[in-house]
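The values are calculated or read from the model by the stated rules, or taken from the named source; none is laboratory data. Only a predicted model underlies this, so the values are computations on that prediction, with no experimental measurement involved. Cβ atoms come from the backbone with ideal geometry, glycine included; neighbour counts cover every protein chain shown. For the accessible areas, the whole protein counts, side chains as well, though only heavy atoms, and no ligand, DNA or RNA atoms are used. Shrake-Rupley method; radii C 1.70, N 1.55, O 1.52, S 1.80 Å.
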Amino acid sequence: MLAKIQETAAWIKSHTTLRPTTAIVLGTGLGRLAEEIEVIETFPYADIPNFPVSTVEGHSGCLIFGRLGGKEVLAMQGRFHYYEGYSMKEVTFPVRVMYELGIQTLFVSNASGGTNEGFKIGDIMFITDHINFFPEHPLRGKNFPTGPRFPDMSEAYDRGLLDLARTIAKEKGIAHVEGVYVGTSGPTFETPAEYKMYRVLGGDAVGMSTVPEVIVARHCGIRVFGISIITDLGVEGKIVEVSHEEVQKAANAVQPLMADIMREMICRSC
Ligand code: HPA
């Protein structure tokens, strides 16, 4: 596995002169930030050696190298979800490659269902912590030399980056909420009883991604900042039928604000 990761990183390095230390993972309906990148190189996942093969036609995604906020960045347009059938090693493979490429800071975004009674659709949630509810752990198996066998998770989401995000949001007058993201396998959205359970367990929002990537990033010593867009509500009395289209629509509506925060953070932090 390590040989494959290094082979992929070597291939990428030989195809671009850029050496970014910042990476971004763009979630559902949140691809707009990519449009603001001054793109230097685009690699469709299908062209990158050892990259997982897409299961959804026309949904393959690409790795973008370019400049944003005056900094060199690497952006993943489209991620690999566990519910698509990828193994945890495949889901987190790009993060392992990022480490080999010299990435030190990772910005992640996603869409989620809010379980916090105070949240509303369209809220921008800074992720302060997570609960891993995936049925398989991304670090299960032989330990990678990037980190210890039993990695610390006391600060999965970097406090310095969170403070910077708060400052920027305040300066720009962008309202935000903060909370704990629960990562589940999906692909079903939650039953009302499940939303309630996640709330009781300490979750403010629930979604189907991010947690595996963040765990592996932390195992690689990469600092992480995460934003979740609340696209539907799993709050008693406010639960209505959810569809992927509605999730995309709700995420799409606030993505300019999210992009604004992330761009400014990249400009100031890296
Ligand atoms: N549950 C799980 N994943 C999601 C949701 C949700 O309500 N909304 C967007 N992604």
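Please label the shape of the stretch 117-270 as rounded, prolate or oblate, based on the square roots a ≥ b ≥ c of the eigenvalues of the alpha-carbon gyration tensor (a/c under 1.5 means rounded; beyond that, a/b larger than b/c means prolate, else oblate).
In terms of gyration-tensor shape, oblate.
Order these peptides, 226-233, 65-72, 111-118, by their mean beta-carbon neighbour count within 10 angstrom, highest first.
Top to bottom by mean Cβ count within 10 Å: 226-233, 111-118, 65-72.
Taking 0.36 nm per intervening residue step and subtracting the Cα-Cα distance, what contour gain separates LYS4 from SER243 on full extension?
Gain on stretching LYS4 to SER243: 82.3 nm.
From the protein chains alone at 1.4 Å, what is the descending order of accessible area for ILE121, ILE5, largest first?
Listed by decreasing accessible area, they come as ILE121, ILE5.
Just the number, please: percent antiparallel of the DSSP beta bridges in the stretch 122-261, rounded to the nearest 5.
25
At 18 Å minimum axial length over the Cα atoms and a Kyte-Doolittle cut of 1.0, report the qualifying DSSP H helices in the chain, or say none.
none
Would you mind computing the Rg to Rh ratio of the stretch 70-110 from its alpha-carbon coordinates, Kirkwood style for Rh?
Rounded to two decimals, Rg over Rh is 1.00.
Ranked from highest to lowest mean number of other Cβ atoms within 10 Å per residue, what is the order of the peptides 193-202, 235-244?
Descending packing order for the listed peptides: 193-202, 235-244.
Near GLU213, within a Cβ-to-Cβ distance under 11 Å, what is the net charge of the other residues, with Lys and Arg +1 and Asp and Glu -1?
+3
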